[in-house]
Amino acid sequence: MAGNHNEIEKRLWGAADELRANSKLKSSEYSVPVLGLIFLRYADHKFTMAQKELEGKSTSRRVIGKTDYQARGVLYLPEASRFSKLLKLPEGADIGKAINEAMRAIESENEELKDILPKTYNHLDNSTLVELLKTFNSVPMDIEGDAFGKIYEYFLGKFAMSEGQKGGEFFTPTSIVKLIVEVIEPYHGRIFDPACGSGGMFVQSARFVGNHKKNPNSEISVYGQEKTAETVRLCKMNLAVHGLSGDIREGNSYYEDIHKSVGKFDFVMANPPFNVDRVDKERIKDDPRFPFGMPKPDNGNYLWIQVFYSALNENGRSGFVMANSASDARGSEQDIRKSLIENGAVDVMVAVGSNFFYTVTLPCTLWFFDRGKAKTPRKDKVLFLDAR
């Protein structure tokens, strides 16, 4: 079935990209509305499946209602939001307005999606929207498993490639995310990503749990923070398309600790922006998230590293992407790195080759912390792997 999924993803992307090429829209203007339609098709698919199941089991005159769908973890869709209804709109109808209203109707019935779904379809012309609806309607109803989630991820990756620098802000290549998850093994507990982008770390963690025959919604809870509202919306849609929910907030993680993170989490995963300058250290010099003090260089790398370390509980594990330069930085940054090693937190360092990311061509390093290692004979040992 995996091969079939891949064929469907490529066919859908080819059709959607051809439509974009024939429009006047930039990739950045086209991506969010398209991702919104994937979400809508997913929600309609789940609703239709649940509706058939409920009607098949119904033995009384009781009307099937919203709570019946919610009990099955399915988003409730009012009639105006049904994909089939949008497809049957008469020629000349304002398709963009109808899709906007469909998104608003879903938000009004599902509180967790309030102000999340895109409502800018009036900016696309009718013919493009009609073809997009037909394209996504072609996904077979008997498609298995996490297919819509994988389609959403595939499109995220393609849009990230086409948007270059901006795309890399919300998307981390799946191969990197999967490696981080496989190393820290988030079987059960609280997961935090203070630079969560579109939520790839959460999705892969849930997939890891599912692959071990457990229900992710019972085993893990996810908490994220992201500085731009648009990316928060992408993340929440991504979670929803995978049947997940999480506490995702908008905020600048240098200055705002919205989740009160110190010592709170079992797992921390992140791909933060590298080498950020002009962080106002005066605002955060007394913040408990930075137990080893402020690095003197005008560079945010060792601020992020301390955020990840301090968010872990006494047995917590972390995996994150970091600029190669942080591994051998001198001066005050070296002092912070020394403190981390002496505390027994640094577990594994993996050197990764260049050109893995859409934002930077330089090689990077994967860091892994294990706060519980300090209580073991491995306290003073760090494993270095060259994966270039």
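None of the figures in this text is laboratory data; all of them are computed from the coordinates on show. All values reported here derive from a predicted model rather than from experimental measurement. Don't worry about glycine lacking a Cβ; one is built from the backbone with ideal geometry, like all the others, and counts go over all protein chains shown.
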Does anyone have the angle between helix 229-241 and the longest principal axis of the chain? Alpha-carbon axes, 0 to 90°, nearest 10? 70
Mind checking the angle between helix 200-211 and the chain's longest principal axis? C-alpha axes, 0 to 90 degrees, to the nearest 10. 80
At most 14 other Cβ within 10 Å, DSSP loop - trypsin sites (Lys or Arg not before Pro), the range 176-275: LYS213, LYS260
Give LYS97/LYS178; LYS150/LYS281; LYS260/LYS338; LYS119/LYS227; LYS260/LYS375 a once-over and call out the pairs whose C-alpha atoms are over 30 Å from each other. LYS97/LYS178; LYS150/LYS281
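Pick out, in residue order, every one of the GluC sites (Glu not before Pro) in the range 248-288 that is DSSP loop and has at most 15 other C-beta atoms within 10 Å; say none if there are none. Don't jump to the answer; show the numbers that get you there.
Values: sites: GLU250, GLU256, GLU282; in loops: GLU256.
Here the GluC sites (Glu not before Pro) that fit, given the DSSP loop and packing criteria, are GLU256.
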With the contact rule set at Cα under 8 Å and sequence spacing of 6 or more, what percent relative contact order holds for the range 172-303? 25
Can you give the relative contact order of the chain as a percent, counting alpha carbon pairs under 8 Å and 6+ residues apart? 12
In the chain, if the dipole is taken from +1 on Lys/Arg beta carbons and -1 on Asp/Glu beta carbons about the Cα centre, which of ALA311, SER23, ALA329 is farthest to the positive end? ALA311
Restricting to Cα pairs under 8 Å and 6 or more apart, the percent relative contact order of the range 2-160 works out to 31
20 Å cut-off, amide nitrogen to a point 7 angstrom out along GLU109 Cα→Cβ, residues in the range 30-46: 36-46
For ASN324, project a label point 7 Å along Cα to C-beta. Then give me every residue of the range 366-388 with its amide nitrogen under 13 Å of that point. 366, 386-388
When the C-alpha atoms of the range 55-158 are aligned to their principal axes, what extent does each axis show, in angstrom, from largest down? 45, 30, 26
The range 2-160 - charge dipole about Cα centre, Lys and Arg +1 at Cβ, Asp and Glu -1, debye rounded to 20: 220
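Do the sum for the chain: with -39,500 (n - 2.57) for every DSSP H run of n ≥ 4, divided by all residues, what is the mean residue ellipticity at 222 nm, to the nearest 500 deg cm²/dmol? Mind showing how you got there, number by number?
Values: 14 runs with 171 residues, N = 388.
Dividing the helical sum by the residues of the chain leaves -13500 deg cm²/dmol.
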Calculate how steeply helix 95-109 sits against the longest principal axis of the alpha-carbon atoms of the chain, using the helix alpha-carbon long axis, and give the answer as 0 to 90 degrees to the nearest 10. 70
Given a 10 angstrom Cα cut-off, can you work out which residue in GLY65, GLY210, GLY157 is the most mobile in a GNM of the chain? GLY65
Percent antiparallel among DSSP beta bridges confined to the range 165-387, nearest 5, equals 40
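Using a/c under 1.5 as the rounded threshold, could you call the chain rounded, prolate or oblate? The axes a ≥ b ≥ c are square roots of the C-alpha gyration tensor eigenvalues, and prolate needs a/b larger than b/c, oblate otherwise. Write down the numbers at each step before the final one.
On the way: a/c = 2.15, a/b = 1.74, b/c = 1.23.
Prolate, because a/c is 1.5 or more and a/b exceeds b/c.
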When we measure straight from the Cα of LYS296, which aspartates and glutamates land under 20 angstrom away, once same-chain ones fewer than 8 places off are left out? ASP277, ASP280, GLU282, ASP286, ASP287, ASP328, GLU333, ASP335
Environment charge at ASN122 (Cβ cut-off 13 Å; Lys +1, Arg +1, Asp -1, Glu -1): -1
DSSP loop (so not H, G, I, E, B), at most 12 other Cβ within 10 Å: list which GluC sites (Glu not before Pro) in the range 71-162 pass both filters. GLU91, GLU144
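Quote the Stokes-Einstein diffusion coefficient, in whole µm² s⁻¹, for the range 165-387, based on the Kirkwood radius over alpha carbon pairs, a temperature of 37 °C and a viscosity of 0.692 mPa s.
Working: Rh = 17.4 Å.
The calculation lands on 188 µm²/s.
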